[in-house]
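Take a look at the structure set out below.
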Amino acid sequence: MERFEYAVRLKPAEEGGFVVTCRDLPQLISQGDNVAHALAEAADAMDEVFAAYVLGGLDFPTPSRTKRGEHSVSPPVETVAKAALYVAMREAGINKMQLAKRLGVDEKEVRRLLDPHYGSKLPRIAQAVELLGKRLVIGLKPA
């Protein structure tokens with residue numbers, strides 16, 4: 001199962017609050033006034049990093065295990081679903097046009113399903129993932 005949850009480290013900032021970094025996603029650098037705010041900002045920054053990976057055609061790094069003093073963070077669920085579709089397409093070796101044909105839709109709809117800034121519906125993303133032989137799974141973890 002593919003995970004889209006990464007370990008982040010919070011380092012106290014000189015001016016107060018925390019600077020957030022992620023060893024698996026070096027592009028992720030954020031800051032927050034307190035731990036809760038820093039983790040929320042990390043999730044928001046991760047959303048943008050995921051967008052850059054998808055739009056740039058890059059592979060997602062495998063998440064490392066969380067080490068002592070780190071926190072596990074993932075982007076919003078919609079972004080995770082789109083990342084899962086992106087990974088499933090890459091693993092299946094198909095492009096947007098081929099997926100559009102399988103879905104019976106115009107290629108523009110597949111572009112929107114992958115667009116991190118477009119509000120796609122989860123059932124539609126799940127349907128596309130299933131056409132690629134995978135299943136989109138959403139779970140719960142303690143906060």
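Quick look at the numbers
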| item | result |
| --- | --- |
| Net +/- balance of residues flanking Arg124 in space, Cβ distance below 10 Å, scoring K and R +1, D and E -1 | +1 |
| Cβ-derived FRET efficiency at R0 35 Å, Arg102 paired with Ser64, nearest 0.05 | 0.55 |
| Restraint check, Lys82/Lys108; Lys67/Lys134; Lys108/Lys134, Cα-Cα greater than 19 Å | Lys67/Lys134; Lys108/Lys134 |
| Gain on full stretching of the segment that runs from Glu130 to Asn95 - 0.36 nm per residue minus C-alpha separation | 11.1 nm |
| Span-rule helices in the chain, defined as complete DSSP H runs reaching 27 Å or more along the axis (Cα) with Kyte mean at least 0.0 | 35-56 |
| Under-5 Å amide H pairs with Ala13, H placed in peptide plane, nonlocal only | Phe18, Val19 |
| Global form of the chain, assessed from the alpha-carbon gyration tensor, a/c cut-off 1.5 | prolate |
| Selected from Tyr86, Gln27, Tyr118, residue furthest toward positive end of dipole (region 15-143; charges at beta carbon) | Tyr86 |
| Within a Gaussian network of the chain (alpha carbon springs, distance under 10 Å), most fluctuating of Ile29, Ile94, Ile125 | Ile94 |
| Charge tally in the Cβ shell below 15 Å around Val19, where Lys, Arg are +1 and Asp, Glu are -1, Val19 excluded | -3 |
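Only the coordinates and a few stated rules stand behind these numbers; no lab work does. What you are looking at is a predicted structure, and each value in this text was computed from that prediction instead of being measured. Quick reminder, even Gly has a Cβ in these numbers, built from the backbone with ideal geometry, and neighbours come from all protein chains shown.
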